[in-house]
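One structure is given below, encoded as structure tokens.
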Amino acid sequence: MTSSQPIPHTLSNLQHVSYALNNGVAELILNRAEVHNAFDEVMISEMIAVLSYFAEHKQCQVLVLKANGKNFSAGADLNWMRKQAKMDFEQNLNDAKALAKLMQDLDTFPKPTIALVQGAAFGGALGLICASDIAIATSRASFCLSEVKLGLIPAVISPYVARTMGNRASRRYMLTAERFSAETALKLNVISEICDDLDAAAKPIIDALLANSPQGMAWVKTLLSRLEDGVIDQDTIDYTSERIARIRVSTEGQEGLNAFFEKRQPNWLQAAAMSEPTPSETQGAR
């Protein structure tokens, strides 16, 4: 296997996830189908490592989060939960911070992210979906925030879930622990589309993303993050004015504008057309 970027040691012996990179599209694949892709501390650390790798990978333009097997993820692994029950406060805090880092790393990933969801997506899995930029689910997908049934709360994932679903819907589904359908998830903005052929549904979205300015898309993500509180004051006006002025005079902004007026493709598309397909990179397959 060859790659323009060295593979770090952290990705050499993956157990619970696998990854691939082809023609600018990276895949992070949950790979514990035998336990419905349930989370544990190993899977969390491996996902963080893969996200870190692709965040810096120059050939990665889009990240697709998907899962092998019938279910996207059933949430927390039972053996992991037994370990947590025996941990003291400091150990539990460190454990929770690892999951929080995973959610934040996905939420702030500098390239567009798409979650493809089939089957069950419970607990932390719903956090991953809400931390992704775009999510597509099959018609038989189902979702649940079941933590209160166990005397717990969906704390670490709550910022992403509440931002996506809104506070009112979050109150209902976090309090009742009801299981809800793909149709309901669509109404709640958890997913943007229902389609039983997930790869086919993702393709036109991926094609659209690959046509766009990589810098522009990265800056859109940071822009929207800054605007999450909904406040429009002088600081907001100054910030947004500075952002558009700065990107206009940037190298990629100048290239995009000049390409438009010269009626040619911008160089990021020309470079992609001239480049050889990236060899598939796969690790950790089981």
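Table for the structure above
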{"item": "Test: Ile29 is in contact with a Ser or Thr (Cβ under 8 Å, 6 or more places away or on another chain), of a type outside the set (D, E, K, R), within 24 Å of Val117 (Cβ to Cβ) and at pLDDT 95 or above", "result": "yes"}
{"item": "Checking Ala162 against (1) touching a residue at least 12 places away in the same chain (Cβ under 8 Å); (2) crowded, with 16+ Cβ neighbours inside 10 Å; (3) closer than 27 Å to Asp229 by Cα, the condition it does not meet", "result": "(1)"}
{"item": "Condition check for Leu78: touching a residue at least 40 places away in the same chain (Cβ under 8 Å) and surrounded by 18 or more Cβ atoms within 10 Å (Cβ to Cβ)", "result": "no"}
{"item": "Ser73, sole failed condition from (1) among the hydroxyl-bearing types (Ser, Thr, Tyr); (2) open to solvent by 20 Å² or more (accessible area, probe 1.4 Å); (3) closer than 16 Å to Ala121 by Cβ", "result": "(2)"}
{"item": "Selection count, the stretch 244-286, where residues are modelled with pLDDT of 90 or more, assigned to a loop (DSSP other than H, G, I, E, B) and on the phi < 0 side of the Ramachandran plot", "result": "6"}
{"item": "Yes/no for Lys101 being open to solvent by 40 Å² or more (accessible area, probe 1.4 Å) and under 17 Å from the mean Cα position of the chain (by Cα)", "result": "yes"}
{"item": "Which listed residue is open to solvent by 40 Å² or more (accessible area, probe 1.4 Å), β-branched (Val, Ile, Thr) and either assigned by the TED database to the domain that holds Ile44 or within 30 Å of Leu21 (Cα to Cα) (or both), from Thr108, Thr113", "result": "Thr108"}
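The values are calculated or read from the model by the stated rules, or taken from the named source; none is laboratory data. Source: prediction; values computed, not measured. FYI the Cβ positions are ideal-geometry reconstructions off the backbone, even for glycines, and counts take in every protein chain you see. Note: accessible area is taken over every heavy atom of the protein model, side chains too, but ligands, DNA and RNA are not part of it. Shrake-Rupley method; radii C 1.70, N 1.55, O 1.52, S 1.80 Å.
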